[in-house]
């Protein structure tokens, strides 16, 4: 199953969705929704409040506190406030307080908040390595 997400039409003064900055290229998977398969949003910012099992590719990915993803995340920037298990490939990864992450994280920059829980490997990679991975997404 291949799912291509459409973009969110943001039309408010603050350009926020439940406190998370969004723009016209933001796609939202609401709490209570589940996707199994491939999520392909190369030019989109994804805001995940539901559950995804599979491969997720986007410009940026934000997993809300209610979100749970199992599989493979690939993006320029990834922020996790919820739960993730699997593999991450990104230039910038931010694990927020309260998040639960069990993953191999390939990154150029990794930030882990004090109250974040992380298990797995976090090998640093130069930006050229990550850009090489992006060519195969």
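Assorted remarks:
- Single unsatisfied condition, residue 132 versus (1) farther than 21 Å from residue 50 by Cβ; (2) under 13 Å from the mean Cα position of the chain (by Cα): (2)
- Residues in segment 100-131 that are farther than 20 Å from residue 70 by Cβ, outside any strand (DSSP E or B) and modelled with pLDDT under 85: 123, 125, 126, 127, 128, 129, 130, 131.
- Here is the figure for segment 62-95: residues that are surrounded by fewer than 19 Cβ atoms within 10 Å (Cβ to Cβ) and not in a strand (DSSP E or B) total 2.
- Here residue 137 meets each of (1) over 20 Å from residue 27 (Cα atoms); (2) over 12 Å from the mean Cα position of the chain (by Cα) with one exception, condition (1).
- Boolean, residue 59 is under 11 Å from the mean Cα position of the chain (by Cα) and surrounded by fewer than 18 Cβ atoms within 10 Å (Cβ to Cβ): yes
The values are calculated or read from the model by the stated rules, or taken from the named source; none is laboratory data. Note that the structure is predicted; figures quoted are calculated from it, not measured. Counting neighbours? That spans all protein chains shown, and the Cβs are built from the backbone with ideal geometry, glycine included.
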